[in-house]
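Read the structure below first, then the notes.
The numbers here are math on the coordinates, done by the rules we state, and not lab data. Remember, it's a predicted structure, so these values are computed and weren't measured experimentally. As a convention, Cβ positions derive from the backbone with ideal geometry for all residues, glycine included, and neighbour counts pool all protein chains shown.
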Amino acid sequence: RKAYLTQTGELHLGQALSAGLERIFEIHTVFRREASPSTRHLTEFTALEVAFALEHSWLEVIEQAESLFVHVIDGLQKREKYRHQLALVRRLFPSAGRFKLAVDEHGKLPRVTFSEAKRIVREELGLETNTQDDLSWEEEKALGNYLASSDSIYGASTDAFSITHYPKHLRPYNVQPASEENDEPLTYSFDIILGGQEAASGFQAINDYKVLHAAMASRNPPFDLNDPQWRPFLSAYEAGAPLQGGFGIGLNRLLQSILGLSDIRETTSFPRDATRLEP
């Protein structure tokens, strides 16, 4: 049998929800095929992935993810027990933990739809952008600088915000399509931007077996649904799956943002990227 390196634990977490678990998380090593070296990407990194059954809507997913980020950042900045450690860290990394947070009375971060983010990039920042393409690193960075500045149209400046409702063609096959009427198919999905780069990504997952099966069959290229490897995954949803969603956080990327590092390879002792396999 062929063995594959883990790209995500998402499929297994979804199966666990179908088995009756209501909330589950996993911290594990992830491998990605990156085309070239980058200051933002590793081919081997550590991820936190969270999945849980939803009571009402996909908003529960983004609210859970945002509350986690606010808790972590607020804790680093305000809790007495971390003050000494943060002072020590800032001897090496002066900008560590220096984030501005603009949260509303419910603890939510500012939210910008994908289409609005593209409009800001084009009209407010004067950058050329294709609305059919995903946000580039340069665009994320520019958006981060804009919302962190006094020029932002969103009120108080913030280093953390969410981008929601990504187009269907920019998200995985199993992301729940949005029910709102739009000229372009959108999804119940989001990214959290921290310090000018993506730090988390999440969505409501398709839980209806027939819809999921059709989405996999129509994917480009389509999955071979006759391959036995898909049977455990599909049978879990065929038996019945709850309304569900989740999010993932690249912990190396999060650490890079918190410490204010210019290169993600500084977050691990022995980084693996597109050109480095040893030591």
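The GluC sites (Glu not before Pro) found in the stretch 57-130 that occupy coil by DSSP, while having at most 12 further C-beta atoms within 10 Å, are Glu105, Glu128. Sequence-ordered 3J(HN,Hα) estimates for the stretch 129-146 from the Karplus curve with 6.51, -1.76 and 1.60 and θ = phi - 60° stand at 8, 9, 5, 8, 8, 5, 5, 6, 4, 5, 5, 4, 5, 5, 4, x, 5, 5 Hz, glycine and proline given as x. Here the 3J(HN,Hα) profile of the stretch 202-217, calculated from phi with Karplus coefficients 6.51, -1.76 and 1.60 at θ = phi - 60°, is x, 5, 7, 8, 5, 10, 7, 4, 5, 5, 5, 4, 5, 5, 5, 6 Hz, Gly and Pro shown as x. The average projected area of the stretch 212-279, computed from the convex hull of its Cα atoms over all directions, is 8.2 nm². The stretch 102-169 has equivalent-ellipsoid semi-axes of 20, 15, 9 Å, by the square roots of 5 times the alpha carbon gyration tensor eigenvalues, sorted largest first. Principal-axis analysis of the Cα atoms of the chain puts helix 59-78 at an angle of about 30° to the longest axis. Name the most mobile residue of Arg33, Arg265, Arg253, meaning the one with the largest mean-square fluctuation, in a Gaussian network model of the chain with Cα contacts below 10 Å. Comparing Arg33, Arg265, Arg253 in the GNM, the peak value goes to Arg33.
For the stretch 259-274, the residues whose backbone nitrogen is under 14 Å from a point 7 Å from the Cα of Lys141, taken along Cα to Cβ, are 261-264.
Result for the chain in a Gaussian network model with C-alpha springs under 10 Å: among Lys118, Lys78, Lys210, the largest mean-square fluctuation is at Lys78. Amide hydrogen proximity for Thr187: with H placed 1.01 Å from N in the peptide plane, the residues at 5 or more positions away or on another chain lying under 5 Å are Tyr166, Lys168, Ala178. Between Leu194 and Ala199, the built amide H atoms are under 5 Å apart, and every one of these is 5 or more places off in sequence or on another chain.
Which FRET efficiency value, to the nearest 0.05, do you get for Leu170 and Leu11 by plugging their Cβ-Cβ distance into 1/(1 + (r/R0)^6) with R0 = 22 Å? E between Leu170 and Leu11, to the nearest 0.05, is 0.65. Strictly greater than 28 Å: what percent of every Cα pair in the chain meets that? For the chain, the fraction of Cα-Cα distances above 28 Å is 41 percent.
Simple rule: put +1 on each Lys or Arg Cβ and -1 on each Asp or Glu Cβ in the stretch 1-100, find the dipole, and look at Gln85, Leu11, Ala65; the Cα lying farthest toward the positive end is Gln85.
Over the stretch 130-240, the ratio between the Cα radius of gyration and 2.2 N^0.38 Å evaluates to 1.33. Taking the centroid of alpha carbons for each part, the stretch 28-64 and the stretch 217-264 are 8 Å apart.
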